[in-house]
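S.K.: Got a structure here, written out as structure tokens. Questions coming.
Taken together, the values in this text are just the output of simple stated rules run on the coordinates, not laboratory data. Because the structure is predicted, anything quoted here is derived from the model rather than measured. Counting neighbours? That spans all protein chains shown, and the Cβs are built from the backbone with ideal geometry, glycine included.
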Amino acid sequence: MGPSTAGVPVSDALQTAQSAPVIAAVVSPEERPRLDAASGGWFSLLHRESLPDVVRVVRERAVDAVLLSVRQCRGAPLDQLNHLTRDFPEVPTVALVSQADASGSEVLLQLGASGVRQVVDVSTPAGWQRLRQVLGQPASRDSARLQAPILAALGEVPPDTRLFFEALVQFSPEVVTARDLADRLHVRCTTLMSRFSRAGLPSPKSYLAAVRLLHASLLFERRGLTVADVAYRLEFSSPQSFARHVRSLLGMNTSELRRRFPFGAALDRFVDVMIMPYGRVLRSFHPLGAGGSRPK
């Protein structure tokens, strides 16, 4: 059995972060019931009425993929589709075919010319299974791009230290305080802060702020997102609040952050400043209380 805090296995602490992929969908009223039934246990759906509505969703929140019904797109303006596929290449756009006809073939050509590269035909039962596979395991979210190099830099550390950093990466876009992070990990905030302090490590608040900046650098890679979009994605109350946060941590404005710290540079800085100087301590550190923290 794994370590626990307050009677809760720490292996369960990430359960709230393990959510189904989120799919923004524009489908016809006739297709919606079957799509809803097919999604169960595989992905969650954000139904929208039009392509502009989907673009708005992609700008405002984390979406794993976009599903466009060929049937619903007939006669609809597709001028914003180029914007979607060009500015958000990390969000795959999938065309849904539920019946084959000449007009549908024409729409498919238009979708292909606008950058849509995946098509799933659900006119047969096998097609629905294929759709589950495509949408149930879409391109990895930003957390995967952050987590792999951070865990690699940590090396061999206790399971609860690894868990802390996994949770830090996954929760940080929506968790803005150390107290909220501690709640997600089922540990008292004062206890968590005390353990970091006694070990001589940066505070949980400092780690949280640093990883949130890494998420900001990832979001800034997307040309379609403005500073305001990034601020709201990271749960700041306003772009001005985001700007103040960046200036207090780095002494620069958000435009400088976007220019001077692309994701690769921001990740290198995080590893150099927040992990490498503390490698020896982290190898014997127990932030969630599994055996106590005894840095040597």
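S.K.: Give me a comma-separated list of calculated 3J(HN,Hα) values for segment 259-265, in order, Karplus coefficients 6.51, -1.76, 1.60 applied at θ = phi - 60°, integers in Hz, x for any Gly or Pro.
M.R.: Going residue by residue, I get 7, 8, 10, x, 3, x, 5 Hz, with x marking Gly and Pro.
S.K.: Here's a follow-up. Calculate the FRET efficiency for residue 226 and residue 106 from the Cβ-Cβ distance with a Förster distance of 35 Å, rounded to the nearest 0.05. Provide the component values of the computation, followed by the final result.
M.R.: Numbers: r = 35 Å, r/R0 = 0.99.
For residue 226 and residue 106, the calculated efficiency is 0.50.
S.K.: Please turn the phi angles of segment 32-42 into ³J(HN,Hα) values with the Karplus equation 6.51 cos²θ - 1.76 cosθ + 1.60 (θ = phi - 60°), one per residue in order, whole Hz, x for glycine and proline.
M.R.: Working through the residues one at a time gives 4, x, 5, 5, 4, 5, 6, 6, x, x, 10 Hz.
S.K.: Out of residues 5 or more away from residue 46 or on other chains, whose amide H comes under 5 Å of its own, with H placed 1.01 Å from N in the peptide plane?
M.R.: Correct list: 23, 24, 25.
S.K.: Counting pairs of alpha carbon atoms under 8 Å apart in space and at least six apart in sequence, what relative contact order in percent does the chain give?
M.R.: Details: 412 pairs, mean separation 55.8, N = 296.
This gives 19 percent for the chain.
S.K.: Also, I was wondering about something else. Stretch residue 28-residue 191 to full length: gain in nm at 0.36 nm per residue minus the Cα-Cα span?
M.R.: Numbers: separation 163, 0.36 × 163 = 58.68 nm, distance 5.22 nm.
Taking 0.36 nm per residue and subtracting the Cα distance, the gain is 53.5 nm.
S.K.: Near residue 289, within a Cβ-to-Cβ distance under 9 Å, what is the net charge of the other residues, with Lys and Arg +1 and Asp and Glu -1? Don't skip to the end; give the middle numbers.
M.R.: Numbers: positive: 195; negative: 160.
Neighbour charge sum, excluding residue 289 itself: 0.
S.K.: Using a simple spin-label model with points 7 Å from Cα along the Cα→Cβ vector, what separation in nm is obtained for residue 235 and residue 152?
M.R.: Simple spin-label model gives 2.9 nm for this pair.
S.K.: Explain nothing, just compute: Karplus ³J(HN,Hα) = 6.51 cos²θ - 1.76 cosθ + 1.60, θ = phi - 60°, for every residue of segment 55-70 in order, whole Hz, x for Gly and Pro.
M.R.: Per-residue couplings from phi come out as 4, 4, 4, 4, 6, 8, 8, 6, 10, 8, 6, 10, 10, 10, 6, 4 Hz.
S.K.: Quick one, which of [x] -0.64, -0.85, -1.04, -1.12; [y] -0.45, -0.68, -0.97, -1.14; [z] -0.52, -0.77, -1.08, -1.25 is the actual log10 I(q)/I(0) by the Debye sum over Cα atoms at q = 0.10, 0.12, 0.14, 0.15 Å⁻¹ calculated for this model?
M.R.: [x]
S.K.: Just want the answer: with Cβ charges of +1 for Lys and Arg and -1 for Asp and Glu, which residue in 251, 234, 267 is farthest toward the dipole's positive end in segment 215-275?
M.R.: The Cα lying farthest towards the positive end belongs to 251.
S.K.: Rounded to the nearest 0.05, what FRET efficiency do residue 283 and residue 247 give with R0 = 41 Å and r taken as the Cβ-Cβ distance? Could you check?
M.R.: On the way: r = 34 Å, r/R0 = 0.84.
Efficiency computed from Cβ-Cβ geometry: 0.75.
S.K.: So how far apart, in nm, are the two label points at residue 80 and residue 118 if each is 7 Å from Cα heading toward Cβ?
M.R.: Each label point is offset 7 Å from its Cα along the Cβ direction, giving 2.1 nm.
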